[in-house]
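The values are calculated or read from the model by the stated rules, or taken from the named source; none is laboratory data. This is a predicted model, so every value here is computed, not measured. Cβ placement follows ideal geometry from the backbone for every residue including glycine, while neighbour counts extend to all protein chains displayed. Note: areas computed on protein heavy atoms with side chains; ligands, DNA, RNA excluded. Shrake-Rupley method; radii C 1.70, N 1.55, O 1.52, S 1.80 Å.
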Amino acid sequence: MGKLSKYLALLISFLLSLLLCNKTFATTPHTITVDASLTDWHEDEKLGTSFGQFYFTWDENYFYFAYDRTQTFSENEILWIYISSVVPTSTWGTFTSSNVAGTHTLPFRAGYCFSYRVNNETQQFILLRYNGTTWEERTFS
């Protein structure tokens, strides 16, 4: 697992035009180098939780997020990040989570979902997009 045994940095980019609503997460948007290092991130892009640190920022083309955790993931743990790409008054998206680990009600209409899990000691990164009826798996690079 290399660097991931010390911390898990998930960096993925999405087209800014699809994901960015009228909220800001950092005072200085900038480009992040996707390399499993957190050195590019600014302090005001950090959102701390009791189970790790999330980071969010964007540039003119992409939305970036990272997750830093000191513990490794066990077989049964999944990290879910749901993203809304619409204004709060929109009717597009869904309040229902993906059914991979049971459905749950989300506090907002999500259009995208990123998940990370370890399955049989293999890391899995999954991107889902809500198509208006159901969640469908998307490819990314």
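Just a few scattered comments:
- Of all residues making up region 64-106, the number that are in contact (Cβ under 8 Å) with a residue 12 or more places away in the chain, over 17 Å from Gly52 (Cβ atoms), part of a strand (DSSP E or B) and out of contact with any Lys or Arg (no Cβ under 8 Å at 6 or more places or on another chain): 2
- Within region 59-79, the set of residues being of a type in the set (A, V, I, L, M, F, W, C) and modelled with pLDDT of 85 or more comprises Phe65, Ala66.
- Leading residue by the ranking (most open to solvent (accessible area, probe 1.4 Å)) among those in region 61-79 that are out of contact with any Leu (no Cβ under 8 Å at 6 or more places or on another chain) and among the hydroxyl-bearing types (Ser, Thr, Tyr): Thr70
- In region 40-63, the residues that are part of a loop (DSSP other than H, G, I, E, B) and either under 28 Å from Glu121 (Cβ atoms) or in contact with a Pro (Cβ under 7 Å, 6 or more places away or on another chain) (or both): Ser50, Phe51, Asp59
- The number of residues in region 24-35 being modelled with pLDDT under 85 and either surrounded by 15 or more Cβ atoms within 10 Å (Cβ to Cβ) or within 16 Å of the chain's Cα centre (by Cα) (or both) comes to 4.
- Count of region 42-60 residues which are loosely packed, with under 15 Cβ neighbours inside 10 Å and under 25 Å from Thr105 (Cα atoms): 5
- Output for region 102-121, where each listed residue is open to solvent by 30 Å² or more (accessible area, probe 1.4 Å) and either under 17 Å from the mean Cα position of the chain (by Cα) or modelled with pLDDT of 80 or more (or both): Thr103, His104, Thr105, Pro107, Phe108, Arg109, Arg117
- Every pair of residues 6+ apart whose Cβ atoms lie under 6 Å, when the first sits in region 116-141 and is closer than 17 Å to Ser85 by Cα while the second is assigned to a loop (DSSP other than H, G, I, E, B) and hydrophobic (A, V, I, L, M, F, W, C): Leu127/Phe140
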